[in-house]
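J.: Please see the structure below; I have some questions.
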Amino acid sequence: MPDAILHRSALSTPLGRLWLLADTDGHLQAVEWDDHPERLDRFLRQRHRGRAILRDAPLPALDAAFTAYFAGAVRALDRLPLAIGGTPFQQRVWTGLRRIPAGETRSYAALAQAIGCPAAVRAVGLANGSNPLGLVVPCHRVIGSGGNLTGYGGGLERKRWLLAHEAGHAALPEQPARLL
């Protein structure tokens, strides 16, 4: 018997194809790059014990928000409905990540401090790396203490692009994105 039915939508982006997984209520559960299927498989095993049924289906509201984000409305993902899961500590870290504004970065140490666990820098890093909702829970906004780019599940080139994209658009007033 399946644990859940998840709707899956593929979205073409400037950085490659992105998979969006949502529950039947439209709450986003996972976001993953097409060239990292192992991360999506791990999510399905951990969250749904491998018993989820995936159905390809359009997710118009989610697709539109991601399209707007890549078109420059970098805050378009801020209010999406999420079904995030995770442990209480992971949820604290992921909430802290969502508080980092587009166009800004924080170090792992600063994030640990912000969630009230200054000694938990490594645990914050592990929670950051296990985030199933990249972009929406913006793990790409976390950098090393010296300002260097550190790991990102989608690769450092994507992280560099995302940070530059957000920095270039964050100061601009949000405009409705034009669909091409």
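J.: Of the residues Arg92, Arg158, Arg98, Arg106, which single one is closer than 26 Å to Thr24 by Cα, among the charged types (D, E, K, R) and more than 11 Å from the chain's Cα centre (by Cα)? Spell out how you get there, then give the answer.
T.: Details: Arg158 fails: closer than 26 Å to Thr24 by Cα; Arg98 fails: more than 11 Å from the chain's Cα centre (by Cα); Arg106 fails: closer than 26 Å to Thr24 by Cα.
Checking each option against the conditions leaves just Arg92.
J.: Out of Asp78, Asp34, Asp56, Asp63, I need the residue that is surrounded by fewer than 17 Cβ atoms within 10 Å (Cβ to Cβ) and in contact with a Phe, Trp or Tyr (Cβ under 7 Å, 6 or more places away or on another chain). Which one? Step through it out loud before you land on a result.
T.: On the way: Asp78 fails: in contact with a Phe, Trp or Tyr (Cβ under 7 Å, 6 or more places away or on another chain); Asp56 fails: in contact with a Phe, Trp or Tyr (Cβ under 7 Å, 6 or more places away or on another chain); Asp63 fails: in contact with a Phe, Trp or Tyr (Cβ under 7 Å, 6 or more places away or on another chain).
Of Asp78, Asp34, Asp56, Asp63, the one residue that is surrounded by fewer than 17 Cβ atoms within 10 Å (Cβ to Cβ) and in contact with a Phe, Trp or Tyr (Cβ under 7 Å, 6 or more places away or on another chain) is Asp34.
J.: Let me ask something additional. Which residues, counting only those in region 1-25, are modelled with pLDDT under 95, aliphatic (A, V, I, L, M) and outside any strand (DSSP E or B)?
T.: The answer is Met1, and nothing else.
J.: Determine if region 136-153 includes at least one residue that is surrounded by 17 or more Cβ atoms within 10 Å (Cβ to Cβ), among the basic types (Lys, Arg) and under 13 Å from the mean Cα position of the chain (by Cα). I'd like the intermediate steps shown before the answer.
T.: If we filter region 136-153 for residues that are surrounded by 17 or more Cβ atoms within 10 Å (Cβ to Cβ), which is where we start, we get 136-143, 152-153.
Adding the requirement that they be among the basic types (Lys, Arg) leaves 141.
Add one more test, that the residue is under 13 Å from the mean Cα position of the chain (by Cα), and what stays is 141.
Checking region 136-153: at least one residue is surrounded by 17 or more Cβ atoms within 10 Å (Cβ to Cβ), among the basic types (Lys, Arg) and under 13 Å from the mean Cα position of the chain (by Cα).
J.: Something else now. Take residues that are farther than 24 Å from Ile143 by Cα and either touching a residue at least 60 places away in the same chain (Cβ under 8 Å) or touching an Asp or Glu at 6+ places or on another chain (Cβ under 9 Å) (or both) and tell me which of the helices (runs of 4 or more DSSP H) falling wholly in region 30-120 contain 1 or more.
T.: Numbers: elements: 37-48, 60-70, 88-98, 108-114.
Fully inside region 30-120 and qualifying: 37-48, 60-70.
J.: When both residues are 6+ apart or on different chains and their Cβ atoms are under 6 Å apart, which pairs have a first residue that lies in region 148-165 and is at pLDDT 90 or above, and a second that is part of a helix (DSSP H, G or I) and surrounded by 15 or more Cβ atoms within 10 Å (Cβ to Cβ)?
T.: As it stands, the answer is Lys159/His140; Leu162/His140, since those pairs meet every condition given.
The values are calculated or read from the model by the stated rules, or taken from the named source; none is laboratory data. Values in this document were obtained by computation on a predicted structure and should not be read as measured data. Using ideal geometry, Cβ is built from the backbone for each residue, glycine included, and neighbour counts are taken over all protein chains shown.
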